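The values are calculated or read from the model by the stated rules, or taken from the named source; none is laboratory data. Bear in mind the structure is a predicted one, so any value in this text is a computation, not a measurement. Every residue, glycine as well, gets a Cβ built from its backbone with ideal geometry; the counts of neighbours run over all protein chains shown.
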Amino acid sequence: MTNVLAGPYCCHQLAHMGAEVIKVEMPNSGDLARQLGADPELNQQKMGISFLAQNAGKKSITLNLKHSKGKEILKQLVKTADVLVENFRPGVMGRLGLGYEDLKIENPQLIYCAISGYGADGPMKHLPAYDQIIQGMSGVMSITGAPENAPYRVGYPIADTIGGMTAAFAIASAIAGRPQAGSGCFIDVSMLESTLATMGWVVSNYLIGNKQPVPMGNDNFTASPSGTFQTQDGLLNMAANKQEQFESACQAIDRADLINDERFSTRQARVENRKALTELIEDEFIRKSAVEWEKLLNQAGVPAGRVITVPEALELPQIRQRGLYGEFRNVPGIERDIEVVRTGFKVDGHRPSVNAPPPALGEHTQAILNELGYDPVAQTELQAGGVL
């Protein structure tokens with residue numbers, strides 16, 4: 001029972017790991033993501049790219065949860081379910097009579113996961129929250145960008161994605177622990193807290209070291225030379241974080257004299273003299289292309305990689321060879337072939353995958369109601385009554 005990104009991304013991960021995911025959507029409109037994305041035609045067909053990206057392998061049923069019959073059907077689904085995931089504002093499901101306390105009566109083993117902006121309790125629990133709001137409220141934007149242009153938002157919905165990933169991890173853990181617990185549980189996922197939890201170094205530098213986090217552009221605040229450098233034809237990321245990596249980098253750029261320069265001879269000295277060291281390195285980097293330096297530095301044991309575009313990243317032989325994409329041909333509802341990103345891991349050498357494309361709105365309503373015992377006459381009456 002999720003919308004747009006955090007919840008759908010959570011269930012996207014679980015579907016690829018073998019879960020049967022039934023997506024409960026409002027009749028006629030469905031998930032808002034069905035109307036979002038770069039292709040207006042797909043948006044009009046309620047199969048927007050934002051929806052296609054996160055919903056492969058799921059089934060779709062439409063239910064009007066304000067109708068008593070819709071609530072009845074949902075409760076029947078809950079009786080068959082391991083997990084319910086929702087990302088309404090706290091209190092909405094309770095007002096519908098479908099909160100955790102209501103549904104655990106139907107299924108005491110139910111794992112109920114609620115994803116919200118700020119969490120199920122606290123003074124901010126009722127505030128609306130989207131990804132950019134959480135990026136700002138978590139402090140992420142305050143440390144993104146350079147000192148002269150921060151704050152900046154991260155270029156994709158990072159808080160939504162982290163919230164969904166946190167929920168999927170919590171759900172998998174709850175399923176694994178349920179035999180010992182003997183019952184289900186209520187999982188309360190806060191996007192704000194999930195995002196802050198991923199900022200461990202930055203947060204701890206403040207909590208433990210009383211160091212105020214600041215935007216540093218493309219520089220690594222823990223080491224130098226570690227960041228983004230200008231080459232002959234583009235930008236290159238280099239991470240010479242260890243002493244031996246720094247020395248190898250100096251050898252690779254034919255500046256072995258920098259190794260014993262007192263401004264750079266120790267880790268702390270390099271951090272304090274970052275600007276001077278960066279200028280000296282870029283004076284050498286300008287002699288070759290980013291591709292050439294990437295190869296030379298990696299061969300020397302210094303981690304390095306070009307700064308490339310998203311299309312260039314998707315075309316990397318490494319990505320293509322490892323099968324990150326799932327391809328679906330002639331997808332119902334749009335009659336197009338599509339490619340979508342699968343999970344970021346393999347299991348025993350195989351990429352988890354799903355066999356079915358993202359569903360059209362309500363595509364599986366009839367089949368699911370058949371499983372629940374509703375005959376064609378009953379289904380027609382439900383449709384006529386606005387339940388489906």
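Points worth noting:
- Members of segment 220-247 that are under 29 Å from the mean Cα position of the chain (by Cα), assigned to a loop (DSSP other than H, G, I, E, B) and either closer than 19 Å to GLU292 by Cβ or modelled with pLDDT of 90 or more (or both): ALA223, GLY234, ALA240, ASN241
- Residue that is surrounded by the most Cβ atoms within 10 Å (Cβ to Cβ), among those in segment 139-163 that are within 16 Å of the chain's Cα centre (by Cα) and in a loop (DSSP other than H, G, I, E, B): VAL140
- Segment 278-287 - residue that is touching a strand residue (DSSP E or B) at 6+ places or on another chain (Cβ under 9 Å) and of a type in the set (A, V, I, L, M, F, W, C) and, of those, surrounded by the fewest Cβ atoms within 10 Å (Cβ to Cβ): ILE286
- Given (1) surrounded by fewer than 18 Cβ atoms within 10 Å (Cβ to Cβ); (2) closer than 19 Å to GLY305 by Cβ, index of the condition ALA249 fails: (1)
- Only strands (runs of 3 or more DSSP E) whose full extent lies in segment 293-360 are considered here, and the ones with at least 1 residues that are of a type outside the set (Val, Ile, Thr) and under 23 Å from GLU20 (Cβ atoms) are 325-331.
- There is no residue in segment 288-299 that is within 24 Å of PRO357 (Cα to Cα) and surrounded by fewer than 13 Cβ atoms within 10 Å (Cβ to Cβ).
- Count - residues of segment 306-335 that are at negative phi and touching a residue at least 60 places away in the same chain (Cβ under 8 Å): 6
- Filtered residues of segment 62-117 (kept if aliphatic (A, V, I, L, M) and under 24 Å from THR161 (Cβ atoms)): VAL83, LEU84, VAL85, VAL92, MET93, ILE111, ALA114, ILE115
- Pairing each residue of segment 113-134 that is in the same structural domain as MET93 (by TED's automatic domain parsing) with any residue that is aromatic (Phe, Trp, Tyr) and at pLDDT 95 or above, provided the two are 6+ apart or on different chains, yields C-beta distances under 6 Å for MET124/TYR118; LYS125/TYR118.
- Residue match in segment 82-90 (condition: surrounded by fewer than 18 Cβ atoms within 10 Å (Cβ to Cβ) and within 29 Å of PHE345 (Cα to Cα)): yes
Condition check ((1) of a type in the set (Asp, Glu); (2) assigned to a loop (DSSP other than H, G, I, E, B); (3) at pLDDT 95 or above; (4) surrounded by 22 or more Cβ atoms within 10 Å (Cβ to Cβ)) across all residues:
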{"site": "ILE105", "(1), (2), (3), (4)": "no, no, yes, no"}
{"site": "ALA129", "(1), (2), (3), (4)": "no, yes, no, no"}
{"site": "GLN132", "(1), (2), (3), (4)": "no, no, yes, no"}
{"site": "MET165", "(1), (2), (3), (4)": "no, no, yes, no"}
{"site": "ALA172", "(1), (2), (3), (4)": "no, no, yes, no"}
{"site": "ILE175", "(1), (2), (3), (4)": "no, no, yes, no"}
{"site": "GLN180", "(1), (2), (3), (4)": "no, no, no, no"}
{"site": "ASP188", "(1), (2), (3), (4)": "yes, no, yes, no"}
{"site": "LEU196", "(1), (2), (3), (4)": "no, no, yes, no"}
